[in-house]
Amino acid sequence: MYSMVPQGHSWRPFSNPAPLGNSGFAVATFVSSLHTGAIGIASGAPPNIVVGLALFYGGIAQVIAGAWSFASNSAFGAIVFTSYGCYWMSYAAILIPGFGISDALSTVGDTVRAQSLGIFYLVWSIQTFIFLLGSSRSNWGTFILLLFLFIENILTCIGYWSQNVSVIHASGYMGMFTSFVAWYNVAADMLTKVTFYCDLPNPEIGVRAMGLEALKPAMHTPLFHDVFQPHITSKLDGRTPGNHFDFVSPIPHPAHNNDSNTVTFAPNTNNAPSSNINNYDREIVTATQEASILGGCARSQSISHHDVTTFNNV
């Protein structure tokens, strides 16, 4: 048995911060990319119109989304949103005369200025590549977004370093496609059967054990979308559990322990040995149990594992 009664702490639900972070990113990226790619605007036009968006919506809003993700125990979302919020604020700082960055770059010649910007985007290419690897087991929307963003940063880096205007323009087009993916992710998070007429598809990548299957009876209720789904998502942290966890047929609770704060484990000899179980997977199972119990699903679904003693001290 595993008791889910809170021990010395309280849990406070938070709304999903991802739509805010993706919205700020999409808007700032789209406007910036139009200037970079000379799309609908003359080539070489000053991108100062981006400053306001970069500071407030692309910058501050994403930092807020990152802080919100930290509070929701989502390290991946927190790091990505906070990092790119800071990226947009640093981008704005380059364009704001008061910081003196643009003036300093203009005095050293076009070659040094271009190389400096190339280094700036090289750093963000490396950072984005790490984020891309971290999203490889999340969902397709996040993975494609970071893939496109990585390509955009690489093209921008190469374009500035080689002073090739065509490559810089290509990075602008890539950034525009990236913003479209970010907007789709916003829509997929916000337009559900609760708020819209259908759920927009954003499938998981490489799911080996569908932990959320236990919550299907409650997945289309406002309570689930506002409370339980963000809680589980924050625990999953952009990844999925290993294949040594599985959801099986309902198992009745013992009469002496028939309460909503207890989850019963059952043997499952088809799964991996207990030596493969790590603390991260335990957190995922715990999160799913919590949401199942809070959502009223504890009596209809039970989590099976071949070694109940593994969880005695979790």
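The values are calculated or read from the model by the stated rules, or taken from the named source; none is laboratory data. This structure is a prediction, so every number in the text was calculated from the model and none was measured. All Cβ positions, glycine included, derive from the backbone under ideal geometry; neighbour counts span all protein chains shown.
Is it the case, given these coordinates, that residue 173 is in the same structural domain as residue 77 (by TED's automatic domain parsing), surrounded by fewer than 19 Cβ atoms within 10 Å (Cβ to Cβ) and at pLDDT 85 or above?
Judged against the criteria, residue 173 is a match.
Given the criteria over 13 Å from the mean Cα position of the chain (by Cα) and either within 22 Å of residue 20 (Cα to Cα) or aromatic (Phe, Trp, Tyr) (or both), does residue 183 qualify?
Judged against the criteria, residue 183 is a match.
Pick from 167, 186: which is of a type in the set (A, V, I, L, M, F, W, C), under 15 Å from residue 43 (Cβ atoms) and at pLDDT 95 or above?
Criteria check complete, one pass: 167.
Name every residue in the stretch 86-114 that is among the hydroxyl-bearing types (Ser, Thr, Tyr) and either outside any helix (DSSP H, G or I) or outside the structural domain of residue 47 (by TED's automatic domain parsing) (or both), in order of residue number.
Within the stretch 86-114, 107 is the sole residue that qualifies.
Residue 73 passes all but one of (1) more than 19 Å from residue 179 (Cβ to Cβ); (2) in a helix (DSSP H, G or I); (3) touching a residue at least 60 places away in the same chain (Cβ under 8 Å); which number fails?
Of the numbered conditions (1) more than 19 Å from residue 179 (Cβ to Cβ); (2) in a helix (DSSP H, G or I); (3) touching a residue at least 60 places away in the same chain (Cβ under 8 Å), the odd one out for residue 73 is (2).
Residues checked against (1) surrounded by fewer than 16 Cβ atoms within 10 Å (Cβ to Cβ); (2) over 25 Å from residue 144 (Cβ atoms); (3) of a type in the set (Asp, Glu):
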site	(1), (2), (3)
25	no, no, no
42	yes, yes, no
55	no, yes, no
65	no, no, no
71	yes, yes, no
77	no, no, no
100	yes, yes, no
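Let's see how each residue does on (1) in contact with a Ser or Thr (Cβ under 9 Å, 6 or more places away or on another chain); (2) at pLDDT below 90; (3) closer than 22 Å to residue 177 by Cβ:
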| site | (1), (2), (3) |
| --- | --- |
| 25 | yes, no, yes |
| 46 | no, yes, no |
| 51 | no, no, no |
| 79 | yes, no, no |
| 82 | yes, no, no |
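Name every residue in the stretch 102-130 that is modelled with pLDDT of 90 or more and either among the hydrophobic types (A, V, I, L, M, F, W, C) or in contact with a Lys or Arg (Cβ under 6 Å, 6 or more places away or on another chain) (or both), in order of residue number.
Those that are modelled with pLDDT of 90 or more and either among the hydrophobic types (A, V, I, L, M, F, W, C) or in contact with a Lys or Arg (Cβ under 6 Å, 6 or more places away or on another chain) (or both): 112, 114, 117, 119, 120, 122, 123, 124, 126, 129, 130.
What are the residues in the stretch 80-117 that are touching a Pro at 6+ places or on another chain (Cβ under 8 Å) and without any contact (Cβ under 8 Å) to a residue 12 or more places away in the chain, if any?
Once the filter is applied, which keeps residues that are touching a Pro at 6+ places or on another chain (Cβ under 8 Å) and without any contact (Cβ under 8 Å) to a residue 12 or more places away in the chain, the stretch 80-117 yields only 103.
Quick test for you: out of 154, 158, pick the one residue that is assigned by TED's automatic domain parsing to the domain that holds residue 83, surrounded by fewer than 19 Cβ atoms within 10 Å (Cβ to Cβ), modelled with pLDDT of 95 or more and at negative phi.
158
Considering the stretch 116-136 alone, what residues qualify as being surrounded by 17 or more Cβ atoms within 10 Å (Cβ to Cβ) and not small (Gly, Ala, Ser)?
117, 120, 121, 122, 124, 127, 128, 131, 132
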